[in-house]
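Worksheet: one structure, shown below.
The values are calculated or read from the model by the stated rules, or taken from the named source; none is laboratory data. Just so we're clear, the structure is a prediction, and the values are computed from it rather than from any experiment. Glycine gets a Cβ as well: all are built from the backbone with ideal geometry, and neighbour counts include every protein chain shown.
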Amino acid sequence: MRVSELAKWSGRSPENFHDCEISGFCADSRIIKPGEAFVAIRTARADGNRFLSDAEGKGAVAFIASACPEERAERYNNLFLVKDPVHFLGDAAGRLLIARVETRVAVTGSAGKTTTKELIARLLSVSGETLATKGNYNNTIGLPMTVLEQLDHPVIFFVTEMGMSYPGEIRRLVQIVRPDIRVWLNVLTAHIGNFRGIEELRDAKAEILSRRGAEDIIIYNHDDLLVKSRVEQEVGLKYSFGAGMGADFRIVSSRVLSLESAVLDVEYEGRLHRFHHRLPGLHNSYNIAAAVLTALSAGVSLEAVQQVLQDFRPVRHRGRVIQAGPVSIYDDCYNSNPAAVKQVLSMFREVELPGRKIVVLGDMLELGDFSEMRHREIGLMSAGLKFDEVVFFGNKMRDAFESCTATCSWFEDNRAAAEYLKKNVVPGDVVLIKASRGMHGEVIIEQLREQFE
C-alpha cells in the first residue's frame, strides 16, 4: 500500500506528504522495520506518541499519531494526526474491504478460531482468489493492519478471525469487516477472568451477529447451548453444525487413527459423507464441520472439500506433530483454556501409540476467580486418564499438580520443565505440550529438539 492509498481509504491527508510504498504497519517502535508505518497507540502503560523519533530512526516512512509537538511535526514525513489511530486504521480497512472483496467471512469463538479460519480460506480458494488475516491478528489493532497490508487488489473471499478481550470489541470488528458469512464456533471459559460470568462472555461473543443484513449467513454450533439459544433469536439464513439431532451438518462419528490422521463421518442433506483429514480429536471435528459448512454455503463442492481436507495440515503450534529425532512432540502450545485442555487430553488418551505418553501442561491464563478450581479439575482429569507421566509448569499449574494423584511433577517455569524432560524423555516417547501463550511452551519444544536431534 502506498501512502496516497492510505490517504484515499482513510479520507485523511497526511502532513508533509511524500508518496512512497508502505511495506507494513507496526505499533511497537522497538521492532519496527524500515519501510513500515508506525502506529502510535496510547495505553495505560505507555504513550506511543513519545516514540515517533525512535520509529523514524529505524526507518518508518509514515506515522499515525494522536499528538506531536508542533515544532517537531515538520520533521516527520507522512504524518497522519488523528483523534484515534486505532479507529483510523479500522475505518480505512473497512472501506478497503467493501471496495475490494466480494464475500467477507468472519470467525469467532473461544477456541478453534485460527484453525477454522485457515481451513475456511483453503476451502474457499477452490472457488476463487481468497485472502485471510495473518496468524491470530484478530483484534481492533491487528485485524485492520493485516487487511491494509494484504488487500492490494480485488479478491473473491477474505476470511477474518475475530478475537475478544472486552465487551464491544467484536462489535467494532463487525463494523469494520461487515461480514457476509459469520461463523460462531463456541463459548468456553477462555478469558472469563475479564467477565462477570459465562452469560456476559456469551453476550460479548454474540456481537458477531450485530449489524447483520437480511442476506448475511450465520454458521453456528448446534451443540453449544449458549450459542444456539442466542442464534435461534435471529431471523434469516442460518445453518448449524454439531453432533446433536437437528444439526444441518451432523457429526455422526469421529475416529482418531493417529496423531496425524482421523476420519469424520457426517450426515448432510440426507446423505452420509466421509472425510479423511489430519486434524484428530472431537474438538477438531467441530472446527472441520464449521469450515466445511461455510464452504458449502459459499458454493464449494463436496468433492473439492474432501480433497482439500486430505492435504490440510494443522496450523503451527495448534496440534502439529514435530519429530525431534526419535522423540515425537505434539505441539499444541499456542494457547490454552480448560475446555481445550480437556479436549486434547481426551484425544491423546484415545490414540494408540507404541511409546510412552508424556503430557506437559502450562498455566491457563485469564481465568480470574475461576483459576484455582479449573486448574484442579485438569489435575484430576490428568490422573484419571493414566498417562505415563504428567509434567506441570507455572504457578497456577501448581493447583493441578496438587490435585493429580498419578505420576507427575511440577516446575516453576518452562525452562525448569525443559531441563527435567531432557533428562527423562527417552527415544520412542510422545510428548504433548499445551499451555497459554504467555507461558511460552515452544521453549520446551526447542530444548527437546536440541537434545534429541
- For the range 1-31, name all the residues that are within 17 Å of LEU89 (Cα to Cα) and among the hydrophobic types (A, V, I, L, M, F, W, C). MET1, VAL3, LEU6, ALA7, TRP9, ILE22, PHE25, CYS26, ALA27
- Return yes or no: is VAL105 at pLDDT 95 or above and within 30 Å of ARG278 (Cβ to Cβ)? yes
- Counting only residues in the range 398-428 that are closer than 19 Å to GLU372 by Cβ and touching a Lys or Arg at 6+ places or on another chain (Cβ under 8 Å), the one surrounded by the fewest Cβ atoms within 10 Å (Cβ to Cβ) is identified as GLU402
- So, of the residues in the range 216-237 that are assigned to a strand (DSSP E or B) and not aromatic (Phe, Trp, Tyr), which turns out to be farthest from VAL174 (Cα to Cα)? ASN221
- Heads up, the strands (runs of 3 or more DSSP E) in the range 61-143 (entirely inside) with at least 2 residues that are among the charged types (D, E, K, R) and closer than 25 Å to ALA290 by Cα are 101-108
- Query: For the range 243-262, what are the residues that are part of a strand (DSSP E or B) and buried (at least 18 other Cβ atoms within 10 Å of the Cβ)?
  - Reply: PHE249, ARG250, ILE251, SER254, VAL256, ALA262
- Task: Those residues that are at pLDDT below 95 and hydroxyl-bearing (Ser, Thr, Tyr), I need them from the range 113-132; list them, please.
- Result: THR114, THR115
- Search the range 159-181 for residues that are assigned by TED's automatic domain parsing to the domain that holds LEU209 and pair each with any residue that is among the acidic types (Asp, Glu) when their beta-carbon atoms are under 6 Å apart and the residues are at least 6 apart or on different chains. ILE170/GLU207; ARG171/GLU207; ASP180/ASP216
- Item | Condition met for VAL431 (out of contact with any Cys (no Cβ under 6 Å at 6 or more places or on another chain), outside any helix (DSSP H, G or I), surrounded by 14 or more Cβ atoms within 10 Å (Cβ to Cβ) and in contact (Cβ under 8 Å) with a residue 60 or more places away in the chain) | yes
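Residues are listed down the side, and each one gets a yes or a no for (1) touching a Phe, Trp or Tyr at 6+ places or on another chain (Cβ under 8 Å); (2) modelled with pLDDT under 95; (3) assigned to a helix (DSSP H, G or I):
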{"site": "PHE241", "(1), (2), (3)": "yes, no, no"}
{"site": "LEU264", "(1), (2), (3)": "yes, no, no"}
{"site": "PRO280", "(1), (2), (3)": "no, yes, no"}
{"site": "HIS283", "(1), (2), (3)": "no, yes, yes"}
{"site": "ARG313", "(1), (2), (3)": "no, yes, no"}
{"site": "GLN323", "(1), (2), (3)": "no, yes, no"}
- Being within 20 Å of LEU282 (Cβ to Cβ) and not in a loop (DSSP other than H, G, I, E, B), is that true of even one residue in the range 392-410? no
